[in-house]
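Engineer: Before we start, here is the structure in question, set down as C-alpha cells.
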Amino acid sequence: MKTYFDHEKLDVYRESIAFCAWTGDLLNSISAKAAAKDQLDRASTSVPLNIAEGNGKFSAKDRARFLEMARGSALECAACLDVLVARKLATEAQVGSAKSELTAIVRMMIGLLKRFSERADVLREEDGLYGYAHDQEHDQDQEHE
C-alpha cells in the first residue's frame, strides 16, 4: 500500500488497521445483537484513529495523550473479545490470534509512549501482569485492620 501520511509508516498503525480488518470479519460473523460487539467495533476503530491523530501532533505531551487513548482502546478490544467469548458469541479459537496481535500492538504503543511521555515508566504489559501482587497485598492489609 502506498503511503501518503507519516502515520501510515508506523508499524503499530499498520498492525492496528489489520486488526480492524479482522474485527470487521468477526463482527460480520456474529448475527446476535450485543453491546460488546458494538463496543468492539468502536474501540477497534479508535486505535488507528488515535494513532494517526497523535502522530500529527507537534508536542510530545499531545502525542502521548493520543497514544494513551489508542492503548486504552486496544485494551478495551481485548476485554470485548473476552466478553464475546464469555457470552458464547465467539470462541477462544476465533479470538486467540487476535489477542496476540493486540498484545503486540499494545507493546508497540508502549515503546512509542516511552519516547513521548514522562509517565511511561508506570506502563506495564509484560507477562500479562496487571498489578496482581499489589492488589493481593492491599487486600491482605485491609484484612488485618
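The values are calculated or read from the model by the stated rules, or taken from the named source; none is laboratory data. The shown structure was predicted, so the numbers you read here are calculated from the model rather than taken from an experiment. So basically every Cβ, Gly included, is an ideal-geometry build from the backbone, and we count neighbours across all protein chains shown. Side chains included, ligands, DNA and RNA excluded: accessible areas come from the protein's heavy atoms. Shrake-Rupley method; radii C 1.70, N 1.55, O 1.52, S 1.80 Å.
Engineer: Taking the stretch 33-56 only, how many residues are open to solvent by 60 Å² or more (accessible area, probe 1.4 Å) and within 16 Å of L112 (Cα to Cα)?
Structural biologist: Of the residues in that region, 2 qualify.
Engineer: For N28, work out the one condition from (1) closer than 20 Å to M108 by Cα; (2) outside any loop (DSSP other than H, G, I, E, B); (3) open to solvent by 40 Å² or more (accessible area, probe 1.4 Å) it doesn't fulfil.
Structural biologist: All conditions are met except number (1).
Engineer: Another question, then. Just to be sure, is A120 modelled with pLDDT under 85 and of a type in the set (A, V, I, L, M, F, W, C)?
Structural biologist: Here the answer is yes, as A120 does meet what is asked.
Engineer: Then there is this: When you scan the stretch 75-82, do you find a residue that is farther than 24 Å from K33 by Cα, under 11 Å from the mean Cα position of the chain (by Cα), surrounded by 20 or more Cβ atoms within 10 Å (Cβ to Cβ) and not aromatic (F, W, Y), even just one?
Structural biologist: no
Engineer: Taking L67 as the residue in question, decide whether it is part of a loop (DSSP other than H, G, I, E, B) and touching a helix residue (DSSP H, G or I) at 6+ places or on another chain (Cβ under 8 Å).
Structural biologist: no
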